[in-house]
Amino acid sequence: SADTTLYMYYGGPSSGATNQNPTGVWDSNFQGVYHLGNGDSTATDFYVDSTSNSRDGTLTDADADSVQNTGKIGNAYDFNGDADSISLGNNAFGNLGDSITVSTWVKHDSAGVSNGEVYISEFQGGVCGDFQMQKGGTGGSFPNDAVANDGGAENLDSVTGDLRENLWWHLVFVSDATLAYWYINGALDVTDTADLDWRNGCTTVSVRIGDETSTFRPMNGIIDEMRVSNTNRSAAWIKTEYNNQNKPEVFYSVSGLQYRTPSALIKIRGGVKFK
């Protein structure tokens, strides 16, 4: 509700030392942040977690048909609707507990498929279920809605419905000790008493970006900026993230340079001395 002015100072000593701290961008509640703009590779731990937790991911793509593509922010990963996914490892986030926030940008290539399309999952039907965030299948109860479930009786689907293809959607699922929420494009979509959480229930199942298992509910489209936190972010936080990421040129403005001038000038022979 109020502007914040930031100042950036530069042009200091030329020693070559820096004070950059990229992982410090993310507060301690962020458990994993995936820009998914690394490129195309099945190398181990190629898809970097930008937090200090280093929960990097590995791509499975036997036919090499999923590729890097232009994302909402920089580059992202374009899944081809088959047995491709990015694995973060078994029980990658451990027990996140009652309060979680999972956010991502998605852009679907098709109008919808029968079984749905998974964004992130620690779930394996018939084995165990912990958490899953997906687009509902056209043949199910929540056609083309944003859906979250914990592998049990608890699930929450959006009321907006119809995550239409070829459009970017900012999807945020939030859960606290008593309520669960869907936010779509920065706005609260639905609130429910579903006791959805992300607990330590699938220790033998990998957390996967892009499908549930190697052959089930694969994503057909682009996933960008997958972020997982072990806290329930506020509506103001989510709205600010959406505004900043959706149209940064409107969210902030950059003013001109300001030069530091010496407090006093004392003339000496043949030059100027700064005091």
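The values are calculated or read from the model by the stated rules, or taken from the named source; none is laboratory data. Predicted, not measured: the structure shown is a model, and the values here were computed from it. Here the Cβ is made from the backbone with ideal geometry for all residues, glycine too, and neighbour counts use every protein chain on show. Remember, those area values only see protein heavy atoms, side chains included, never the ligands or the DNA or RNA. Shrake-Rupley method; radii C 1.70, N 1.55, O 1.52, S 1.80 Å.
For the chain, the relative contact order comes to 23 percent (Cα pairs under 8 Å, sequence separation of at least 6). Stretched out straight at 0.36 nm per residue, the stretch from residue 247 to residue 98 would grow longer than its current Cα-Cα span by 50.5 nm.
For the chain, the longest principal axis of the C-alpha atoms and the axis of helix 235-246 are separated by about 70°.
For the pair residue 191 and residue 154, label points projected 7 Å from Cα toward Cβ lie 1.7 nm apart.
Could you work out what % of the accessible surface of the chain is carbon and sulfur, using a 1.4 angstrom probe and leaving DNA, RNA and ligands out of the count?
On the way: 6910 of 14380 Å².
About 48 percent, which is the carbon plus sulfur part of the accessible surface.
Per residue, the accessible area of the chain comes to 52 Å² when a 1.4 Å probe rolls over the protein heavy atoms. Restricting attention to the chain, lysine pairs at least eight places apart or on different chains and with alpha-carbon atoms under 27 angstrom apart total 11.
Given the chain, report the % of alpha carbon pairs whose separation exceeds 26 Å. For the chain, the fraction of Cα-Cα distances above 26 Å is 46 percent. Dividing the helix sum by the residues of the chain, where each DSSP H run of 4 or more adds -39500 (n - 2.57), gives a mean residue ellipticity at 222 nm of -1500 deg cm²/dmol.
Counting only protein heavy atoms and using a 1.4 Å probe, the accessible area of residue 239 comes to about 90 Å².
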